[in-house]
Structure formats: structure tokens, C-alpha cells
């Protein structure tokens with residue numbers, strides 16, 4: 001009975017909403033409440049199922065949507081890689097620190113979450129804008145003579161995403177690294193491996209599960225990011241989260257918006273399945 | 001003919017001293033803050049021997065082992081291995097390999113890759129690595145387990161792989177940290193002898209750290225007993241057991257009966273000691289000379305004491321020596337021998353062991369029986385510290 005609760009949870013809060021969105025995506029837009037065509041219409045006394053796949057066709061043909069999908073995947077992938085390159089050394093350092101310091105360091109990583117996410121992203125605007133802190137410092141130092149365009153660029157989006165999602169990479173990595181047996185590194189050194197070699201051949205392979213977990217936690221939400229690209233990103237290239245929101249609120253085209261959402265889900269299924277396959281292989285190896 | 005006087009005498013080669021120290025530990029101290037884990041230890045270990053460092057927890061034996069491996073640096077003192085000073089040498093450059101107590105096998109690598117790891121660090125050719133790995137796995141009798149992962153092996157099998165991994169590079173020195181601690185009794189006995197035979201076959205010098213006396217006595221060609229960071233005694237197993245140098249060693253190894261007493265007279269190599277605790281005079285032969293009146297301790301091993309219902313015929317009627325009366329309080333039947341706890345007049349309990357020589361012995365000793373305990377003059381060991 002208790003085992004049924006998670007299933008019930010997923011049913012009510014995931015499956016049913018998913019089916020609702022899917023159903024809307026198979027309609028056409030119309031000026032009415034609700035603003036989409038019904039599934040069933042009555043024709044001569046018997047129900048007729050009306051499925052419109054036109055929304056999906058529209059998405060595949062219009063270059064705006066295709067480029068938005070690809071751009072979202074690219075930004076999420078690059079951000080995940082940056083989070084990994086920055087987060088791994090940090091997680092490693094915390095795992096190697098004295099036990100007393102570890103809790104303090106972890107708290108420092110998590111502390112920014114205590115403030116509003118939106119405010120933190122806004123803070124980056126203050127830092128990156130033409131008249132912002134970074135430009136003013138560089139101008140004052142004489143390193144540059146004209147302000148750098150940092151805001152409303154891909155670069156700003158990467159900074160925003162990496163900054164916001166870094167703890168999601170660090171914490172799973174730390175959880176994995178903390179469990180590593182120090183004796184293994186001593187054994188490796190005893191057998192002739194210098195510290196870097198020992199890291200590459202002993203620590204890194206054993207931390208793959210942590211890398212996968214952290215990457216998943218960064219990549220999936222990053223694909224659908226809305227706030228960061230809206231505040232910090234380019235106006236000429238939208239990420240899919242913004243596209244979806246515009247479609248829903250600006251164009252009031254619920255079917256197309258729903259189709260966008262379903263396609264994002266399908267797109268993400270592939271990396272999720274791939275990650276899970278890698279994770280299973282890791283577990284089997286133990 | 002004239003050349004005869006001008007012929008140079010050929011140089012006489014200096015014979016290598018077979019007992020020259022292969023590993024020389026000189027005045028090594030290791031401090032952690034104020035605490036000296038290893039306190040001014042000096043030790044020479046000979047080539048090709050199995051040297052056992054024996055001690056309880058906190059005795060410093062593991063710290064000393066880790067300093068040999070290079071995981072800790074001595075606070076003061078030097079360590080030389082085969083003539084080379086190891087002070088600035090990191091563990092990955094030492095001709096030393098270690099078998100860890102937890103085995104520390106790499107969980108994500110197969111048995112073969114685990115054993116090959118050390119050779120790969122040296123840049124040995126792939127084909128040669130395969131050959132050497134197969135050879136060492138055969139020696140430890142794990143030849144058919146090459147593709148398995150550590151989690152698919154039993155404890156004893158993991159231990160062999162750990163041993164193979166540490167031996168494949170034929171190091172000058174192999175360090176073993178409590179090698180038999182994780183094995184059950186039967187396997188332990190079997191593995192003890194296997195270790196000795198592998199060591200003799202390969203000729204590698206072993207240094208074993210253990211808290212188990214039996215293990216040390218069986219494995220070691222020489223033992224070093226450690227106490228609170230210092231060496232209490234170094235010697236062969238029989239030296240340590242039969243001639244302990246101090247009370248700690250006498251008490252640590254096996255069981256012992258210890259009494260305080262004063263030296264009455266010492267003539268030649270024979271000491272007479274009066275012990276109120278024991279209630280008789282002890283005549284100790286083969287004892288070091290001591291000044292009369294000096295306080296000494298006498299140690300007698302349980303198996304060296306005879307129990308009889310009547311005093312031995314040779315005992316002089318007056319002023320008996322090496323003879324005392326007591327009452328049997330406890331008997332522990334161990335199968336091959338029996339342990340008797342006998343209380344003497346002073347109230348002290350003596351521990352005596354007797355082998356059960358006769359099957360179905362008639363009239364065995366019973367509790368509360370009055371008995372005479374005696375021992376030969378060579379049995380007592382006189383200790384001054």
C-alpha cells in the first residue's frame with residue numbers, strides 16, 4: 001500500500017498533466033475558451049476523433065523552432081561541461097579537506113541558494129553591463145579603453161547558468177568522492193604511480209557515477225532555462241524555454257506551445273536514457 | 001726470474017658480509033605533535049629474512065611500517081634500504097611494495113589489471129607484462145582468476161591477489177600489514193605456510209607487522225617486539241620466548257609466572273633469589289650476575305613447571321629450592337593439554353600447563369587437591385627491568 005504512494009504521486013503530478021499537455025498539442029488554435037479545438041466532435045450522432053498534427057509539422061518546418069532547440073541543447077551541453085571542469089576540482093578539494101572544514105565548505109557552496117535566484121541573476125546584470133562593475137574595473141586599470149560587451153551574449157548566459165547550477169554538480173560529485181578509499185591512492189603510489197597518474201587511473205574512473213549524476217542535474221534543467229537567457233542572453237537567438245513561454249502567453253497558441261513542450265521532453269529522453277545506461281553499467285561493474 | 005719479486009699480488013676481494021644490514025633504521029623518531037609514535041628506534045634487517053614487528057595497538061609498529069613505505073617521513077633519524085638513503089624518496093620511487101591490511105585492490109579493475117598496474121607504471125612492454133602477471137598469479141595459485149573483479153572474490157582470494165600485486169615487481173622489500181588478520185583460523189594456518197614458501201621461493205625480504213604472537217612466531221625468522229614506540233627486544237622466536245630481555249616481553253609473549261625477589265647471592269652464573277611472593281628460594285642457572293640485595297623479577301613459563309602429589313625425591317629437606325606447595329583451584333582442559341591454576345601460600349596464583357600424555361589418565365588431578373610445584377634450575381629467567 002505504501003509502495004503505491006510514489007506511483008500515485010507520479011500518476012497525479014506527472015502522467016496526468018503530461019497527457020493533458022499532449023492532448024492540447026493535438027488540437028488547433030481557435031478563438032474560444034479554452035483556446036483550442038475539442039478532441040471529439042459529434043457528427044451525425046457518433047463521436048469523431050479530431051487529431052491535428054499540424055502543430056508538430058509547424059515546429060519542424062519553421063527555422064525559429066529548430067534553431068531554438070539546437071541552441072538550447074548546445075548551451076546546456078557547454079554549461080554542463082563548464083560546470084564539470086569548475087565543479088570537479090572544488091568537490092575534490094572539499095572531499096580532501098579536514099572533516100571539520102568540510103561542513104563549512106559545503107555550507108558556503110549552498111549558501112547562495114538562501115537568496116533569491118532572480119536577484120542573483122539580476123546581480124550579474126549589474127556586474128556585466130557596459131557601465132557595470134567588471135567594465136569599470138577594467139577601464140580603471142587601463143586594460144581596456146572601451147567597455148566590453150558582456151551582457152546579452154552567449155558568454156553571459158554561460159556565466160549565469162554555470163553560476164546558478166554549480167552546486168548541483170558539486171554536491172553529487174562530493175558525495176561520490178567522499179566515499180573513495182584513501183588506501184587505494186596509497187596502494188597506487190606504492191606501486192609506482194605519481195599523484196597525477198593515480199588520479200587519472202584510480203580516482204577519475206571511480207567518480208564516473210558522480211559525474212553522470214551531476215551532469216544530469218545540470219543538463220536537464222539547463223535545456224529549459226528561461227530566466228537566465230531572458231535577462232542575460234541574446235535577443236536574436238532564443239532558448240526553448242523562452243520560445244515556449246512566448247508561444248503560450250504572447251501568441252496564445254496553446255497547441256503549438258504544448259507541442260514545443262512535448263518535443264522538449266522527447267528530446268531529453270535520449271540523453272536521459274543514455275545517462276541511465278551508463279549509470280547501470282557503472283553499478284554492474286561494482 | 002727477476003719478475004717474480006715484481007709480480008703484484010692479486011687484490012683480495014672483500015667478502016660481502018652475509019649479515020650486513022639490508023634495511024638500516026637508525027634512530028628513527030616520529031612525532032605527531034607532542035606524541036612520539038615511534039621513539040628512537042634503531043633496527044637492522046637482513047636480506048632475505050622474514051622480520052616480524054610485533055606489538056599491541058599504539059606500539060608504533062604500523063607507523064614504522066608506513067615510514068618504510070614512504071607514506072610518513074621520520075621526524076628525525078634515517079632509513080637506508082640496500083645502502084640508499086630514503087629520506088627524500090617518495091613512495092612511488094622506492095624499491096618497496098606493500099600488502100595492505102584491507103588489501104586495497106582497485107575495485108574497477110580486473111585481477112589481471114590490478115596486478116599489472118605496477119608494471120605499467122614502469123613502462124614495461126605489454127607482452128612482457130602479460131607474461132609476468134601470469135607467472136605471479138600462478139605462484140599465488142590464482143592463475144584462472146585473471147578476468148574476475150575484486151568483488152567477485154572471497155577474502156582469501158583477494159589476499160592472494162594483493163600479494164601477487166605487491167610481488168610482481170620483485171621489490172627489494174615487501175611490507176605486510178597484518179596479513180592474516182582478516183582470515184579465519186584454518187585459512188590463517190594454511191596461508192602462513194604458503195607465505196613462507198613463496199618468500200623462500202622468491203627470496204624477497206619480508207617485513208610483517210602484526211599484533212598476533214602466533215603469527216609472528218610462525219612467520220618470523222626474527223622478531224622485533226615494540227612497546228610504546230620503542231623496541232623492547234629483537235631476536236629469533238625462541239630467543240624472545242625463552243630469554244625475554246624485560247618484563248614487558250616476558251608478559252607479552254605467551255603466558256608467564258612473574259615474581260619479585262631479592263638476590264641472596266650470585267656465584268658464577270647461578271643466582272639465588274629470595275622471593276616472599278613465591279615463598280621459596282629460586283635457584284636460577286644461566287642468569288646474568290647481579291649484586292646481592294638487588295631487586296629482580298623471576299619469570300617462569302607455565303610449561304616448565306612440574307606438578308606432583310608428592311615432593312620430588314631429590315629435594316633437600318631443609319631450605320627447599322625451586323619447590324613450592326599449592327592447591328589446585330582451576331583446571332582448563334584444552335584437549336592436547338590442560339591448564340592448572342594453582343594457588344600458593346602467599347595467595348598468588350601460578351599458571352601451569354601439562355600435556356595430556358596418557359590417554360584416559362588414571363587419577364587425574366582434581367580441584368582443591370594439594371600439590372607440589374617444582375622446576376629445573378635452568379627454567380627461571382631473571383629480569384632486572
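The values are calculated or read from the model by the stated rules, or taken from the named source; none is laboratory data. Model, not experiment: these values are computed from the prediction. Neighbour counts are summed over all protein chains in view; Cβ atoms, including those assigned to glycine, are modelled from backbone coordinates with ideal geometry.
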Report task. Return only the number of the condition from (1) within 29 Å of residue B:80 (Cα to Cα); (2) out of contact with any strand residue (DSSP E or B) (no Cβ under 6 Å at 6 or more places or on another chain) that residue B:112 does not satisfy. Result -> (1)
**Report entry** Enumeration of residues in segment A:199-211 that are within 8 Å of chain B (Cβ to nearest Cβ) and within 14 Å of residue B:120 (Cβ to Cβ)
**Finding:** A:201, A:202
Report task. State whether the residues of segment A:213-224 include one that is in the same structural domain as residue A:151 (by TED's automatic domain parsing), at pLDDT 95 or above and over 17 Å from residue A:274 (Cα atoms). Result -> yes
Query raised in the report: Checking residue B:140 against (1) within 14 Å of chain A (Cβ to nearest Cβ); (2) buried (at least 20 other Cβ atoms within 10 Å of the Cβ), which single condition isn't satisfied?
Result: (1)
Query raised in the report: Among the helices (runs of 4 or more DSSP H) contained in segment A:2-97, which hold 2 or more residues that are within 24 Å of the chain's Cα centre (by Cα), free of Cβ contacts under 8 Å to residues at least 24 places away in the same chain and exposed (fewer than 15 other Cβ atoms within 10 Å of the Cβ)?
Result: A:4-10, A:16-25, A:63-96
Report task. Could you run through segment B:89-116 and say how many residues are within 9 Å of chain A (Cβ to nearest Cβ) and more than 32 Å from the chain's Cα centre (by Cα)? Result -> 3
Query raised in the report: Only one of (1) more than 13 Å from the chain's Cα centre (by Cα); (2) farther than 16 Å from residue B:249 by Cα fails for residue B:207. Which number is that?
Result: (1)
Report task. Return the only residue of A:110, A:143 being surrounded by fewer than 17 Cβ atoms within 10 Å (Cβ to Cβ), in a loop (DSSP other than H, G, I, E, B) and out of contact with any strand residue (DSSP E or B) (no Cβ under 8 Å at 6 or more places or on another chain). Result -> A:143
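Residue under question is residue B:76, and the condition is that it be more than 9 Å from chain A (Cβ to nearest Cβ) and either closer than 20 Å to residue B:175 by Cα or touching a strand residue (DSSP E or B) at 6+ places or on another chain (Cβ under 9 Å) (or both); does it hold? Let's see the steps before the verdict.
On the way: more than 9 Å from chain A (Cβ to nearest Cβ): yes; either closer than 20 Å to residue B:175 by Cα or touching a strand residue (DSSP E or B) at 6+ places or on another chain (Cβ under 9 Å) (or both): yes.
Against the criterion (more than 9 Å from chain A (Cβ to nearest Cβ) and either closer than 20 Å to residue B:175 by Cα or touching a strand residue (DSSP E or B) at 6+ places or on another chain (Cβ under 9 Å) (or both)), residue B:76 qualifies.
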Query raised in the report: How about segment B:81-90: which of its residues are surrounded by fewer than 22 Cβ atoms within 10 Å (Cβ to Cβ) and either modelled with pLDDT of 95 or more or assigned to a loop (DSSP other than H, G, I, E, B) (or both)?
Result: B:82, B:83, B:87, B:88, B:89, B:90
Report task. Would you check if residue A:216 is within 15 Å of the chain's Cα centre (by Cα) and more than 14 Å from every other protein chain (Cβ to nearest Cβ)? Result -> yes
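Hey, could you check segment A:180-196 for residues that are more than 21 Å from residue B:103 (Cβ to Cβ) and more than 7 Å from chain B (Cβ to nearest Cβ) and say which is surrounded by the fewest Cβ atoms within 10 Å (Cβ to Cβ)?
A:196
Condition check ((1) in contact with a strand residue (DSSP E or B) (Cβ under 6 Å, 6 or more places away or on another chain); (2) at pLDDT 90 or above) across all residues:
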{"residue": "B:216", "(1), (2)": "yes, yes"}
{"residue": "B:239", "(1), (2)": "no, yes"}
{"residue": "B:249", "(1), (2)": "yes, yes"}
{"residue": "B:257", "(1), (2)": "yes, yes"}
{"residue": "B:264", "(1), (2)": "yes, no"}
{"residue": "B:270", "(1), (2)": "no, no"}
{"residue": "B:275", "(1), (2)": "yes, no"}
Query raised in the report: Tally time: how many residues in segment A:247-276 are closer than 21 Å to residue A:30 by Cβ and surrounded by fewer than 16 Cβ atoms within 10 Å (Cβ to Cβ)?
Result: 4
Query raised in the report: Looking at B:65, B:119, B:53, which is the one that is assigned to a helix (DSSP H, G or I), surrounded by 17 or more Cβ atoms within 10 Å (Cβ to Cβ) and under 21 Å from the mean Cα position of the chain (by Cα)?
Result: B:65
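Scan segment A:85-94 and give yes if some residue there is within 14 Å of chain B (Cβ to nearest Cβ) and under 28 Å from residue B:165 (Cα atoms), otherwise no.
no
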